[in-house]
1. Would you please name the residue that is farthest from the ligand (Cβ to nearest atom), looking only at residues in region 54-76 that are under 23 Å from Val129 (Cα atoms) and touching a helix residue (DSSP H, G or I) at 6+ places or on another chain (Cβ under 7 Å)?
2. Checking Pro209 against (1) within 11 Å of the ligand (Cβ to nearest atom); (2) modelled with pLDDT under 95, which single condition isn't satisfied?
3. Answer yes or no as to whether Arg307 is charged (D, E, K, R) and closer than 24 Å to Leu205 by Cβ.
4. Does Ala268 fit the bill of being away from the ligand (no atom under 16 Å from the Cβ), in a loop (DSSP other than H, G, I, E, B) and assigned by TED's automatic domain parsing to the domain that holds Ala229?
5. What number of residues within region 329-349 satisfy the criterion of being among the hydrophobic types (A, V, I, L, M, F, W, C) and under 14 Å from Ala318 (Cβ atoms)?
6. Kindly indicate whether Ala43 is touching a Ser or Thr at 6+ places or on another chain (Cβ under 7 Å), under 29 Å from Thr123 (Cβ atoms) and not in a loop (DSSP other than H, G, I, E, B).
7. Somewhere in region 184-194, is a residue closer than 25 Å to Asp36 by Cβ, surrounded by fewer than 18 Cβ atoms within 10 Å (Cβ to Cβ), of a type in the set (Lys, Arg) and outside the structural domain of Pro90 (by TED's automatic domain parsing)?
8. Considering only region 178-206, state which residues are of a type in the set (Asp, Glu) and either within 15 Å of the ligand (Cβ to nearest atom) or on the phi > 0 side of the Ramachandran plot (or both).
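The values are calculated or read from the model by the stated rules, or taken from the named source; none is laboratory data. Nothing here was measured: the structure is a model prediction, and the numbers come from that model. We place every Cβ from the backbone using ideal geometry, glycine too, and count neighbours over all the protein chains shown.
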Amino acid sequence: MSSPADPALDPVARLVLDEAVAVAGDLAGREVLVVDDVALAAAARDAGGRVRAWLDDRRDADAAEAAGVVLADPWAEDPLPVELVLGRLPTALSALDDLAERVAARAPAQVRVVLGGRVKHMTRSQNDVLARHFGEVSASLGRQKSRVLHAAGPRPGERRWPRTSVLDEPALGQPLTLLGRGAVFAEGRLDAGTRLLLQALSPALDRGPREADALDLGSGSGVLATWLARRGLATRAVDVSAAAVESTRLTAGAADVEVDAAWSEGLAEVAPASVDLLVSNPPFHRGAAKDSTPTLQMIDDAARVLRPGGELWLVWNAHLPYLPRLRRAVGRTEVVRRDPHYLVTRSVR
Ligand SMILES: C[S@@+](CC[C@H](N)C(=O)[O-])C[C@H]1O[C@@H](n2cnc3c(N)ncnc32)[C@H](O)[C@@H]1O
């Protein structure tokens, strides 16, 4: 049985596990769904739970598999035979709403949900979101700057996710219907950096060849990939988030275009010299922590996946140190557009 002293668990996961035992008793033999926490999934399994894990981030899913945790797609199961749902509170309320809706729609009446977070990241709005989908919502006492929210009594209601939003902006050329899961970046809207990238790319594509292989790295809701496919480019998309890959496929489907979307990290699974146009509004953080490492890695890998003469178009926050890296790793790089916050660069392989 895992205990609060388990060194693999951070204080949030330890509290989730202890609170789960407090409300549901011993985990041995219990059907448990763990969301987005590899160490918690392993600990719940070691405590005897029959654990299935759902990890949105491909890197987490790979780590969980390596740790022998059983991965599952719980959202393909309806009804979903779980007694306990354990995990971390997503920071975005839309992501929490989507998760709570999914659980409440499928899980049995006796399901108990225990989601934890750092107190400094928690708000009353999270209780309100859970209360839309569960009859009983309460907060635990705090411990080590952490706290959990308990929810019980699912109230399946009208399904809102994935959510449909129509974007009608000059930068898109024509209205575009987004279908987004709650955890996706810029759900339901056009990000300011993405808008600048579209404004810069559009005249260049008007002048460029009609046929090209394009790839959108970090496709999110699929807005860029769908826009490229609509312009007739053979388009692939990559995102490390399963919610983003699903959203990209749905958005492309709604526009009646083909986008080949893959759930993977960076450009690792993209064949050498297979891309003419690589576009990205790249990630700048992982979870709550700022992290440029995946983007620097992607810049290094761009040289490998681009054909000679192929182009990398990137929008990025002007204070980030990407310019020397782009010139060194990819080739000649020019700033095509800028606003007070972002730069759009074009690098030619
Ligand atoms: C700033 S968002 C851009 C989303 C979308 N292209 C747009 O313009 O609205 C960056 C995206 O990169 C994805 N991402 C983060 N790290 C990644 C990685 N290592 N490999 C692939 N995608 C990643 C995130 O899930 C997110 O969807």
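1. Trp75
2. Unmet condition: (1).
3. Numbers: charged (D, E, K, R): yes; closer than 24 Å to Leu205 by Cβ: yes.
Yes: the conditions hold for Arg307.
4. Working: away from the ligand (no atom under 16 Å from the Cβ): no; in a loop (DSSP other than H, G, I, E, B): yes; assigned by TED's automatic domain parsing to the domain that holds Ala229: yes.
Here the answer is no, as Ala268 does not meet what is asked.
5. Taking region 329-349 as the starting set, the residues that turn out to be among the hydrophobic types (A, V, I, L, M, F, W, C) are 329-330, 335-336, 343-344, 348.
Filter again for under 14 Å from Ala318 (Cβ atoms), leaving 335-336, 343-344.
Total meeting the criteria: 4.
6. Working: touching a Ser or Thr at 6+ places or on another chain (Cβ under 7 Å): yes; under 29 Å from Thr123 (Cβ atoms): yes; not in a loop (DSSP other than H, G, I, E, B): yes.
When the stated conditions are applied, Ala43 passes them.
7. Within region 184-194, one or more residues are closer than 25 Å to Asp36 by Cβ, surrounded by fewer than 18 Cβ atoms within 10 Å (Cβ to Cβ), of a type in the set (Lys, Arg) and outside the structural domain of Pro90 (by TED's automatic domain parsing).
8. Initially, region 178-206 is screened for residues of a type in the set (Asp, Glu), giving 187, 191, 206.
Listed by number, the residues that qualify are Glu187, Asp191.
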